[in-house]
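Chemist: One structure follows; several queries about it will come next.
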């Protein structure tokens with residue numbers, strides 16, 4: 001944080017290499033099914049408005065279900081206004097990735113560090129997800145579908161633990177050689 005920034009209320013994950021900063025003074029929910037990272041940015045357009053719309057529409061269903069926890073995921077340490085927003089809402093996680101990285105490497109760093117952060121923070125959760133801040137998610141329907149898919153995988157006779165990729169993954173020409 002810059003010297004003029006307010007005192008941050010975030011803590012680093014201490015197991016393995018720290019890859020994210022979490023809200024320090026809030027108790028993080030322990031979802032029974034999945035944790036979802038909603039990727040957002042602080043510098044391109046009005047993403048705070050997008051986050052506020054999500055907070056007013058589909059995000060409240062997260063708290064009522066207890067099955068899925070969702071957090072906004074941002075790259076870098078956060079500008080003063082974003083740190084204040086994070087302190088107010090307690091739903092933003094900053095991942096260690098260059099805030100000004102180009103479109104080919106920044107999103108990849110963010111995704112990898114979000115996955116590491118989620119696995120370190122919620123080791124018992126069955127699924128880790130990613131979404132962007134320009135989508136609407138029917139969380140109850142998604143939870144039902146994920147539970148059914150996971151149960152089907154667990155019921156299979158395959159000896160390895162179930163692995164599932166659900167949804168669409170696009171790479172946009174990520175430069176993986178620099179990661």
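The values are calculated or read from the model by the stated rules, or taken from the named source; none is laboratory data. Quick caveat: nothing in here was measured; it's all calculated off a predicted structure. Reconstructed Cβ throughout: ideal geometry from the backbone, glycine too, with neighbour counts over all protein chains shown.
Chemist: How many residues are closer than 16 Å to residue 41 by Cβ and modelled with pLDDT under 90 when one looks only at the range 81-98?
Modeler: The total comes to 8.
Chemist: I've got another one for you. Suppose we filter 98, 60 for residues that are without any contact (Cβ under 8 Å) to a residue 40 or more places away in the chain and closer than 18 Å to residue 50 by Cβ; which single one remains?
Modeler: None of the others qualify; the one that does is 60.
Chemist: Could we say that residue 38 is assigned to a helix (DSSP H, G or I) and touching a residue at least 60 places away in the same chain (Cβ under 8 Å) here?
Modeler: no
Chemist: For the range 107-125, which residues satisfy the criterion of being surrounded by fewer than 19 Cβ atoms within 10 Å (Cβ to Cβ) and either closer than 16 Å to residue 39 by Cβ or without any contact (Cβ under 8 Å) to a residue 60 or more places away in the chain (or both)?
Modeler: 112, 115, 119, 123, listed by residue number.
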